[in-house]
1. Considering only segment 50-74, state which residues are of a type in the set (Ser, Thr, Tyr) and outside the structural domain of Ile18 (by TED's automatic domain parsing).
2. Among the candidates Ile58, Ile89, Ile74, single out the residue that is farther than 30 Å from Thr25 by Cβ and β-branched (Val, Ile, Thr).
3. Please determine whether any residue of segment 36-47 is farther than 30 Å from Glu125 by Cβ and touching a residue at least 40 places away in the same chain (Cβ under 8 Å).
4. When you scan segment 58-72, do you find a residue that is surrounded by 10 or more Cβ atoms within 10 Å (Cβ to Cβ), closer than 20 Å to Pro8 by Cβ and of a type outside the set (Ser, Thr, Tyr), even just one?
5. Among the residues of segment 19-54, count how many are within 16 Å of Pro8 (Cβ to Cβ) and assigned to a loop (DSSP other than H, G, I, E, B).
6. Determine whether segment 14-28 contains at least one residue that is surrounded by fewer than 14 Cβ atoms within 10 Å (Cβ to Cβ) and of a type in the set (Gly, Ala, Ser).
7. Is it true that Glu80 is out of contact with any Cys (no Cβ under 8 Å at 6 or more places or on another chain), over 23 Å from Thr4 (Cβ atoms), exposed (fewer than 12 other Cβ atoms within 10 Å of the Cβ) and without any contact (Cβ under 8 Å) to a residue 40 or more places away in the chain?
8. Return yes or no: is Ala90 of a type in the set (Gly, Ala, Ser), modelled with pLDDT of 95 or more, outside the structural domain of Thr4 (by TED's automatic domain parsing) and on the phi < 0 side of the Ramachandran plot?
Amino acid sequence: MMHTYDEPVYLISVVAKILDIHPQTLRQYERENLISPSRSNGRIRLYSQRDIDKIKLILRLTRELGVNLAGVDIILRLKENVDAMEKEIAELRHELQSAKNAHSVSPDKALVTTRSLYEMVIFEEK
């Protein structure tokens, strides 16, 4: 049975075993607000593959690069901001390409530069 990337299906003991860490480490990461596993109705922590990948990143930062948890928090926040901006840029590029493909600027309109600023100049036919 295949699960989606964001589907919370792994128990804390399974994640700890997969990553070869103590379950208390996962609880500590949660207390530090580095991860937020889902909870079942019985309040059991359930982790998704996305959570596991995030924990792998945390482990790499702390073990291999020597970053403390406060630094990890800053890095994760910056990564989220960069990811959001990259998504927005991709959406804007798509919109721009769609506008270019639709020939949304009619031939009677032109784009003119003035000291590195762009102004839209509309020419009316007489």
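The values are calculated or read from the model by the stated rules, or taken from the named source; none is laboratory data. Since this is a predicted model, take the numbers as computed values, not measurements. Glycine also receives a Cβ, built like all others from the backbone with ideal geometry; neighbour counts cover every protein chain displayed.
1. none
2. Checking each option against the conditions leaves just Ile89.
3. No; the residues of segment 36-47 include none that is farther than 30 Å from Glu125 by Cβ and touching a residue at least 40 places away in the same chain (Cβ under 8 Å).
4. The answer is yes, given that some residue of segment 58-72 is surrounded by 10 or more Cβ atoms within 10 Å (Cβ to Cβ), closer than 20 Å to Pro8 by Cβ and of a type outside the set (Ser, Thr, Tyr).
5. 9
6. Scanning segment 14-28 turns up no residue that is surrounded by fewer than 14 Cβ atoms within 10 Å (Cβ to Cβ) and of a type in the set (Gly, Ala, Ser).
7. no
8. In short, yes.
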